[in-house]
Amino acid sequence: MTRIGLAYVSGAVPGFEDFGNLPTDIVKENGLINGNKASKELDALIIPGGTLIESNDINMGLNTEIKKMARDGKPIIGICAGFQLLSNQIDIGRKSPVPIVKEGLGIIDVNFSPLITSDRVKAKVFNNSFLVKNQTEDVNGFHTHTYGKVEGDAKPLFYSQVQRMNYGDTNKKGEYNIFSGACNDDGNVIGTMIHGILDENPILVENLKQQIDIQNLDDIYNRNNEVKKFLHREVGINSGIKVPPIKPNKKPKYLMIGSNGSDSGKTFILTGLAGAIRKRGYKVALLKVGPDVRDIIPGLYLTKGKMEDFASIKIGHLGWKDIESTIKILNNSDYDIVLIEGVMSVFTGLLNEKVPFSAAEIAMSSKIPMILATGVNKGGIESAAVDIVAHENMLNKLGVSVEAILLNKVYNEDIFDTVKPYIIENTNVEDVLKLPKLKSADMRGFIPEVEIRYELFTKYALDLIEENLDIDKIINMAREVEFEKIYSFDEIKRKVI
């Protein structure tokens, strides 16, 4: 009986992709399967992405089994953070004045350092492993990583063609300019930064099947279904939070988390809401306006949801899929709630002649309701209140329904109570919500763009959201929507004036 393991450890995102529907067994931190060593039980192992390096939660038990399987010539595929784990070392100090170096297992001879890409990609293939045999055309998939610069002497497998790096366009058209996959000398241990590599490239899946001599595909797929049921029974990983039976599918309802600027806490709010709504049995889709889908990964860590190919809503030339196609797909899906994270301010890009180019325009296109959030930590609660009122008034002119205003990082409840009536009196909003400032918010491992640990970030987000917000009331703010139109630049200018 063929067995393919899937690493299930804190910081991993094993629901992020289907891995060709091949994993048959869950492998936890101790490296055991039913009390036996994984190296004895498994024919192959898949290590998913996540924050495995930052979380430091793969202990010596699983490390030892990975090394043993590698020595025995068994296939191991590490994706994104799984690739980093297999490498020599990883510099995770993106915003640090000095490198912050973490050691890998040293199985694939490469090193990692900071480089951001979040593109759908095609990748050129180098024939250095069983996995790519007969793969004469480019492979498909997507990148979503912060520490993606790969350098070293390992045999290359993939070079990806990317549109943007570190938030800027590459200006290189059709060039394969990112080293995105490698293998060990024997070719049995594969690392790649390309997510979806087994879901979108059937030749690679067929090669893996042949390598481990799968005889009964029905058995593989049946046991894979049991693995997926296991994944979706728990919110997050090793949390002990069980998901009740899935509610009967209805047409999904939508809610956008918008803001008046960066650092407002959109990602934190979306993450907590995603986990809290999933705890109530709803199937939650998570989308991001624009290309940076890294922002929704903590939420997917809690929901065990897939990074769908429509997860990035296109604005201008940035992103994966346009809003019209996205809503058409979702309205025929089994999702119950769709949460959409905006980008920067809801008005960033609004007066750009590229249409649509802002979160406000995406909301306008389909009358998507919104929770409008603001952080109060920089200019104070009073300043945030004045600014958020102006934002709501303009959204109202544009025809966007703001269901609630949320003041985030509130440091003084008395001041909040003072400004709340001002917000209500000067907007069409009845619900003015607040989240308190977290005392631990300066901890490393907690802040996106510095060093995020999914298990830590998501726990704080889920706990704070559930302690301070009425989740059922927020669910009722979501609405069914249909795509209507993209407003032209001239139409937007007339509405703004």
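So here's what we get for this one:
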item: In degrees, nearest ten, helix 60-71 long axis to first principal axis of the chain (Cα); result: 50
item: Chymotrypsin sites (Phe, Trp or Tyr not before Pro) within region 118-226, DSSP loop, no more than 12 other Cβ atoms inside 10 Å; result: Y167
item: Nearest-0.05 FRET efficiency for S383 and L32, computed from C-beta distance (R0 41 Å); result: 0.15
item: Over 27 Å [Cα-Cα, region 4-232], rounded percent; result: 27
item: 0 to 90° range, to nearest 10: angle between helix 413-425 axis and the chain longest Cα axis; result: 60
item: Compactness of region 51-90, expressed as Rg and Dmax over alpha-carbon positions, Å; result: 10.2, 28
item: Farthest positive-ward along region 253-496 dipole, Cα basis, beta-carbon charges - from L351, Y301, L435; result: Y301
item: Low-density loop positions, chymotrypsin sites (Phe, Trp or Tyr not before Pro), region 307-352 - DSSP coil, at most 11 other Cβ in 10 Å; result: none
item: Relative contact order, percent, the chain [alpha-carbon distance under 8 Å, six or more residues apart]; result: 14
item: Listed pairs K68/K229; K420/K495; K437/K459 exceeding 21 Å between Cα atoms; result: K68/K229; K420/K495
item: Calculated FRET efficiency for the pair V496/I471, C-beta based, R₀ 41 Å, to 0.05; result: 0.75
item: Nearest-ten-degree value, helix 202-211 long axis tilted from longest Cα axis of the chain; result: 40
item: The chain: mean projected area of Cα convex hull, nm²; result: 22.7
item: Region 4-232: relative contact order as a whole-number percent, Cα under 8 Å and 6+ apart; result: 21
item: Alpha-carbon centroids, region 127-198 and region 296-316: separation in whole Å; result: 21
item: Filter on K124/K149; K283/K397; K253/K473; K102/K149; K74/K209; K149/K228 - keep pairs with C-alpha separation over 21 Å; result: K283/K397; K149/K228
item: Debye intensity ratio in log₁₀ form over the Cα atoms of region 367-497, taken at each q of 0.12, 0.13, 0.18, 0.20 Å⁻¹; result: -0.58, -0.67, -1.10, -1.20
item: Rule-of-thumb Rg ratio for region 132-276 [Cα; 2.2 N^0.38 Å; N residues]; result: 1.38
item: Only Lys, Arg (+1) and Asp, Glu (-1) charged, at Cβ; the chain dipole about Cα centre in debye; result: 260
item: For region 253-496, fraction of C-alpha pairs farther apart than 24 Å, in %; result: 41
item: Length released on extending from K250 to D219, taking residue separation times 0.36 nm less the Cα-Cα span; result: 8.0 nm
item: Net dipole in debye of region 253-496 [+1 Lys, Arg Cβ; -1 Asp, Glu Cβ; about Cα centre; nearest 20]; result: 480
item: Mean projected area (nm²) of the alpha-carbon convex hull when region 18-100 is viewed from all directions; result: 6.0
item: Alpha-carbon Rg/Rh ratio, for region 284-336, with Rh computed the Kirkwood way; result: 0.96
item: Nearest-0.05 FRET efficiency for K228 and N396, computed from C-beta distance (R0 45 Å); result: 0.55
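Since every read-out is calculated from the coordinates, none of them should be taken as a lab result. Since we're looking at a predicted model, the values are computed, not measured. We place every Cβ from the backbone using ideal geometry, glycine too, and count neighbours over all the protein chains shown.
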